[in-house]
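Below: one structure, written as structure tokens.
The values are calculated or read from the model by the stated rules, or taken from the named source; none is laboratory data. No experiment lies behind these values; they were computed from the predicted model shown. All Cβ positions, even for glycine, are placed from backbone atoms using ideal geometry, and neighbour counts span all protein chains on display. Ligands, DNA and RNA are stripped out before the accessible areas are found, and what is left, the full protein with its side chains, is counted by its heavy atoms. Shrake-Rupley method; radii C 1.70, N 1.55, O 1.52, S 1.80 Å.
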Amino acid sequence: MSYRSYWKLAFMTKPIKKAATPLAPRKSPTQARSVATVEAILQAAAHILETEGLSACSTNAVARKAGVSIGSLYQYFPSKDAISRALILEQTTALVEDAEKIDLQQGGRKALEDLIDVAIIHQLKRPALAKILDAEELRLPVAADLKRQSARLRKTVHDILSQADMPEGANDAEVMADLMGIIKGLVDAAGARAGSDSPASATNLRKRVRRAVFGYLDAGE
């Protein structure tokens, strides 16, 4: 995933830090060519991060990998940290959008299983990248940037836990935070250990997370 400590962001209580260096993009791409340039920069940065590590991901290295001039890169991203911020936003938004696609008509328990699957898929899709972005998210003051996504995720989780087949009180704030902590802890730990997105490892992780989540929910009935 991404990402990304998305559950932590959705239920965060720590104060929001201010950036020491500029993180916001200098300008937003509007034309197809500029959109393609920004996407090439982000994909180049993601590739360098997951293959060579954070220390190798300089703005010059990213520009070379993306096939753009350093001047073109600086038109959109004022710093290396700004690129990390953009990747975090991109990955987190993708996860939230996939979570919002879950069909609530199938009931809360099945929807919660689907939410677990979304978390696992995003974390194990590119585990090396996800691990680095998780660390970057803790280092960089991006909480304010992710405020909208975190609110959307909280609403999705609340809607799932409010379904009629869920235990009474499942949508309480404390219970929601506990459940998201369980999912995040198990999925992030698996992502940190993962060397690939093998179906066998994903299936095993899915079983373990479901057992922990539904064991917690059912124990409170």
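Using the Cβ-Cβ distance between D178 and S79 with R0 = 41 Å, the FRET efficiency computed as 1/(1 + (r/R0)^6) comes to roughly 0.65.
Report the full-extension gain for the segment K155 to S34: residue separation times 0.36 nm, less the Cα-Cα distance, to one decimal in nm.
Working: separation 121, 0.36 × 121 = 43.56 nm, distance 3.33 nm.
That works out to 40.2 nm of additional length.
What fraction of the Cα pairs in the stretch 41-155, stated in percent, has a spacing above 22 angstrom?
Details: 2654 of 6555 pairs.
Percent of Cα pairs beyond 22 Å in the stretch 41-155: 40.
Placing dummy labels 7 Å off each Cα toward the beta-carbon, the span from Q43 to Y216 is 3.7 nm.
Using the structure shown, select from K125/K184; K131/K207; K110/K207; K27/K125; K101/K207; K131/K184 the pairs with a Cα to Cα distance greater than 19 angstrom. Don't skip to the answer; put the middle values down first.
On the way: K125/K184 15 Å; K131/K207 22 Å; K110/K207 14 Å; K27/K125 30 Å; K101/K207 22 Å; K131/K184 13 Å.
Violating the 19 Å limit, Cα to Cα: K131/K207; K27/K125; K101/K207.
Normalised by the number of residues in the stretch 99-218, the mean separation of alpha-carbon contacts (under 8 Å, six or more apart) gives a relative contact order of 41 percent.
Using just the Cα positions, wrap the chain in a convex hull and report its mean projected area in square nanometres, one decimal place.
On the way: hull surface 50.6 nm².
Result: 12.6 nm².
Long hydrophobic helices in the chain, taken as whole DSSP H segments with a C-alpha length of 15 Å or more on their own axis and mean Kyte-Doolittle hydropathy at least -0.5: 32-52, 80-100, 108-125, 127-139, 173-193, 199-219.
Accessible surface area normalised per residue over the chain is 49 Å², counting heavy atoms of protein chains with a 1.4 Å rolling probe.
Where the accessible area of the chain is counted over protein heavy atoms with a 1.4 Å probe, how much of it, in %, is carbon and sulfur?
On the way: 5770 of 10860 Å².
Carbon plus sulfur share of accessible area: 53 percent.
Computed from point charges on the beta carbon alone (+1 for Lys and Arg, -1 for Asp and Glu), the dipole magnitude for the chain about its Cα centre is near 880 Debye.
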